[in-house]
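Q: Mind looking over this structure? Questions follow.
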Amino acid sequence: MNDKVLKTLEYNKIIEMLSDKATSEPGRRKCLELKPSSDFSEVTRLQQETFDAVGRLLRNGSINFGNNKDIGASLLRLDKGSAVNSTELLNIAGLLENTARVKSYGRRDGDKERVAAESENGESYNAGDSLDDMFNGLEPLAAISAEIRRCILSEDEIADDASPELKSIRRLKRVTNDKIHIRLNSMVNNTYKSYLQDSVITMREGRYCIPVKAEYKGNVPGMIHDRSATASTFFIEPTEIVNLNNELRELDIKEAKEIEVILSTLSAQCGGHTEEIKLDQVLLTELDHIFARGQLALDMNGTRPDLNRDRVINLKKARHPLLDKKKCVPIDIRLGDDFDLLIITGPNTGGKTVALKTLGLLTLMGQSGLMIPALDHAQLGIFDEVFADIGDEQSIEQSLSTFSSHMKTIVNILDNADADSLCLFDELGAGTDPIEGAALATAILERLHKRGIRTAATTHYSELKVYALRQKGVCNASCEFNVDTLSPTYRLLIGVPGKSNAFAIAGKLGLPGDIIENARGKIDEADESLEDVLSELEDARRMLEEEQLAIKELKQEADSLKADYEAKKARINEQREKILNEAREEALSVLNEAKETADEAIKKFQKHGTIQDMERERTRLRDKRDKVRNEMRDTGTVLSSRGDRGTKEPSPCPKPSDFKLGESVRIISMGLTGTVNSLPDNKGNLFVQCGIMRMQANMNDIEFIDSVDITGPGLNTGYRSKGKGSGNSKGKPSDGGTSGYGMAAGLNKAGSISMELNLIGLTTDEAMPKLEKYLDDAYLSHLESVRIVHGKGTGALRNAVWNQLKRIKYVKSYKLAEYGEGDAGVTIVVFK
C-alpha cells in the first residue's frame, strides 16, 4: 500500500492511537509498523485474532505487558557464553515473570463456570481460539526468574544469601569494620583528640582515616592519604589500623570476585534457555500488539467486518474513527455490488469529504486487522492498492475542506490503478474552467469505469449527475441538506443526486426576491428542469422513507407478537402433555386399586366356596363403605383419590331435578371430578364423564362443584364447592393431588414472559431492578435460558449486569452471545 494514501486518509493517526494501547515498548514499535495487507488469508487471520482478543478483554479484563523489554543484546551475549550484569538479569527476570502472568491470563479463567457446567452434563468443552497457541507457547521458566530475584535485590545490590561464600565474606567485613571503628573512635575521642581538625572518621581511597591538623601531623604515626585544599588538614591512616584496612580491602576484592561468580552462574542458567526466552519475547510482543488492537476496537465500539474477494463494500452506520463518536453522524455507503462508480454531490461542508475518507480509511483499517466503527456484518472488499486525491494536509478533525485536485496525482492513479484498486477523488475537475473541468472529470471517471475500477468521487458539477443517471453501473449519492435550518444533516443518500439549494439558501438569508427571480431567468432551461426533477425526487424519497419506517415498526411489532404467541403456545402444549400424563398415571392408580379389591374378593370367594358366604362378604364391604360415607358426611370430611382428608360444611343431598347434562360434579367416595353424562334413573344412578373414564355413581354420592379443573381426570385439584365444601377451606389443593392453582399460575406467568430483556437506553440504577424482577419471573416460569440485551457502549451496563448475575444463586451460567447473534452487546443466561 502506497505511503501517500496512508497520510492522505490519516491512517497514521489511527496507528498512533493503536500504539497508545500497547503496554510495552516492543509492542508499541510493532503497532507503529502495522500496514494494510492485500492477502485475504492474512487479513482474515488478523481479524480473527482481534475478535478473540476483544472476547478475552470482555471476559477477563485488561492485561499488561510492561515488563516486556528489549533484551536482544543480552541474549546475544548469553548465546556466546558471556556473562551479563545484574541489570540485564533483572530485565530477564521481569520478562519471565510477565510471561507467567500472561500465561495464567491465557488459561481462560473467565470460562471456568462454563467448563464446570458443561462437565456436569458430560459434554466436552472446546473453548479454543486463535490465541491459544501463542499462550500455550509461552515458557515462564519460573525457577530461573525466582533464582534471579533471590540473588539480586536491585541493580546495585546482591543478596547476602546469593551464595554461602558471599555470606561468609560479608560477615567478616562487618566484623573487621567494627574493629576499625572501635579503635578509631578511641583515637578520635581520647588519644589524638587534641590533634584533630574534627572528631570524625572519614575514608580516602577506600581506607579509613582521621583528619589531623597540619601542625600535628608528626604526632600521629601513620600513612598520609590526602590533604585539604588549604593544606590545613591531613588525612592520616593510623599505623594501628593499617593491617585491618588491608584485611578489609582483601575482603572487598573477594566479595567482587564472588559476585562475578554469582552473576556468571545466573548467566549460565539463562544461557541454557535463550531460545525459550527469545520465543517468550516474540510472543509477548505479538500478544501486546493483538490486545492493543482489541482495546482500540472496544474504545471505538468497533465490529468485525465480513471480508470478501469481490471488492464489495457495504457499510451501515459507519463513523469516521477520528471524529467524536457522540457528535459524528453515521452514514450508510456501499460500492461494488450493482455499481462500481459512486458520484457524491451536495453543499460545501455537508459531509462529502468525510464520507469519502470514511470509505477509504475503514477499508485500510479492515485490511490491517482492525475492527471498524460500523454495524455488525459490514462488508469490506480486499484491494491491492488504495489511491486518493483529497488535497494536501487536509484534516477531518479541523473540519477543513478543499476544492483543489492535483493533475499529477490523477495521472499517477490512472497509470497504476487496476481492477483490484480503490480510487477516491475529492472535487474532481475543480480549480479550472467549469465547462472544461466537468468534461475532464467525466472523461477520467469514464476511463476508470470502463476498466472496472471501484471509484468514488465528490463533485458540484451537474454534468456528472446526468452522467450517473444515464450510465449503467454508475450511481448518484448526495449529502442531505436542511433548507429550513440552513445546515447539513451529514446523512449520505445513495441513489439520490444532490441539488445546490443556492436560491433557497439565498432567500432564507434575506436576498431580495427580484434578484433571485432574475437569477432564475438566467439559468438554462435544461438545467432548471433538472433542478426541478431533483427537487421532486427528494420529496418523493422523504415520503417513501417515512412510509418504510412505519412499515418497519409495524413488522417488528407483528414479529414480536408472533414470537410471544409461538412461545406461549409451546409452553401450553408442554404443560398440557404433562397434565395428561399425570391424569393417566392417576387413572392407572385407581384401576390398580380396583383390581386389588377384585383380587381380594376372588381369593375370599375361593376360600369360602359358597355364594352365600360371598354375598355376606359383599354386604360387609357395602356396609363398611356406607359407614365411612356417613361418617364423612356427618363430619364434613371428603376423601381424595389418594386418601387424604379435608373438612367442609355439610350440605343436603341433591335431587334428580338438580342434575343437568354437562354440570360439573364430584364423586365423593372416589374423589373424582367430572361432568354429568346422563340424568339419574329411577334408582338415582347416573354416568359421570371423568376425563377419559366414564364412571357410574349414585346421586347420593355426588356433589356439585363450580368447574372441572384443567389438571385432568381423577386428580384432586383445588376447587370451589357448590354443594358440599372442598377439602381445603382456603381453596388450596390437597396433598394428594396436583395443584390446579399453582399450575394455572405457572401457565399464566410462562405465557407472559419474553425470552429477551432489552436494557438499552436505561441507566444502571434503572436497569438493575428490571433485570432482577425479569430473572425471577423467567426462573419461576421454568425457562431454560434468556437473552439480556445491554448493548456495547462504554461497557458499564454490561459490567453491572454481570455483577448482578454473579450474585443470583439460580443462575447456572452466563456468557456473551456468539458472533452474529449480538456478540458483545448481548448476554445469554442459563438457569439451573
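Q: What does the highest-first list of 457-463, 230-236 look like by mean Cβ count within 10 Å?
A: Peptide ranking by packing, descending: 457-463, 230-236.
Q: Then there's this: Figure the gain on full extension for residue 183 and residue 154 (residue separation times 0.36 nm, minus the Cα-Cα span) and round it to one decimal in nm.
A: Fully extending the segment from residue 183 to residue 154 adds 7.1 nm.
Q: Hey, rough spin-label estimate for residue 77 and residue 257, points 7 angstrom out along Cα→Cβ, what's it come to in nanometres?
A: 2.2 nm
Q: Can you give the net charge of the other residues whose Cβ lies under 13 Å from the Cβ of residue 302, counting K and R as +1 and D and E as -1?
A: +4
Q: Among the listed pairs 13/325; 325/792; 4/325; 809/832, which are separated by more than 18 Å between their Cα atoms?
A: In this structure, 4/325 lie more than 18 Å apart at Cα.
Q: Okay, moving on. Quick check: the distance between the Cα centres of segment 297-329 and segment 15-86, to the nearest angstrom?
A: 24 Å
Q: Sorted by average packing, counted as other Cβ atoms within 10 angstrom per residue and highest first, what order do 570-576, 437-443 take?
A: Most protected by this proxy first, the peptides run 437-443, 570-576.
Q: Give the distance, in whole Å, between the Cα centre of segment 135-201 and the Cα centre of segment 336-378.
A: Taking the Cα centre of segment 336-378 as reference, the centre of segment 135-201 is 67 Å away.
Q: So if I place +1 on the C-beta of Lys and Arg and -1 on the C-beta of Asp and Glu, and nothing else carries charge, what would the dipole magnitude of segment 133-255 be about its Cα centre? I want it in debye, nearest 20.
A: The calculation lands at about 800 debye.
Q: Continuing with this model, one more query. Between residue 432 and residue 7, how high is the FRET efficiency from 1/(1 + (r/R0)^6) when r is the Cβ-Cβ distance and R₀ = 30 Å? Nearest 0.05.
A: Once rounded, the FRET efficiency stands at 0.75.
Q: Additional query: Enumerate the calculated ³J(HN,Hα) couplings along segment 353-360 in order (Karplus 6.51 cos²θ - 1.76 cosθ + 1.60, θ = phi - 60°), each rounded to whole Hz, writing x wherever the residue is Gly or Pro.
A: 5, 4, 4, 5, 5, 4, 4, x
Q: I would also like to ask the following. At a Förster radius of 35 Å, what calculated FRET efficiency corresponds to the Cβ-Cβ distance of residue 675 and residue 780, to the nearest 0.05?
A: The calculated FRET efficiency here is 0.65.
Q: Can you sort 42, 155 by 1.4 Å-probe accessible area, starting with the largest?
A: 155, 42
Q: What does the charge add up to near residue 824, with Lys and Arg as +1, Asp and Glu as -1, over the other residues with Cβ less than 12 Å from its Cβ?
A: It works out to a net charge of +2.
Q: Multiplying the sequence separation of residue 411 and residue 384 by 0.36 nm and subtracting their Cα-Cα distance, what value in nm do you get?
A: Contour length minus the Cα-Cα distance gives 7.9 nm.
Q: For the pair residue 519/residue 100, report the inter-label distance in nm, with labels modelled 7 Å from Cα in the Cβ direction.
A: 7.6 nm
Q: Multiplying the sequence separation of residue 657 and residue 85 by 0.36 nm and subtracting their Cα-Cα distance, what value in nm do you get?
A: My answer for the length gained is 194.7 nm.
Q: When only the heavy atoms of the protein chains count and the probe is 1.4 Å, how do 670, 407 rank by accessible area, highest first?
A: 407, 670
Q: Additional query: For segment 203-298, what % of the accessible area comes from carbon and sulfur atoms, probe 1.4 Å?
A: 53 percent
Q: Pop the C-beta distance of residue 463 and residue 25 into the FRET formula with R0 = 51 Å and round what comes out to the nearest 0.05.
A: The pair residue 463/residue 25 has a calculated efficiency of 0.40.
Q: Still on this structure, please answer the following. Counting only other residues whose beta carbon sits under 10 Å from that of residue 494, what net charge do I get with K and R as +1, D and E as -1?
A: 0
Q: Can you sort 454, 77 by solvent-accessible area, 1.4 Å probe, largest first?
A: Output order, biggest surface exposure first: 77, 454.
Q: If you don't mind, another one. By average Cβ neighbour count within 10 Å, what is the ranking of 268-277, 49-58, 357-366 from highest down?
A: Highest to lowest by the protection proxy: 357-366, 49-58, 268-277.
The values are calculated or read from the model by the stated rules, or taken from the named source; none is laboratory data. In this text, all values refer to a predicted model and were calculated from it rather than measured experimentally. Note that each Cβ is placed from the backbone with ideal geometry, even for glycine, and that neighbours are counted across all protein chains shown. With ligands, DNA and RNA removed, areas are computed over all heavy atoms of the protein, side chains included. Shrake-Rupley method; radii C 1.70, N 1.55, O 1.52, S 1.80 Å.
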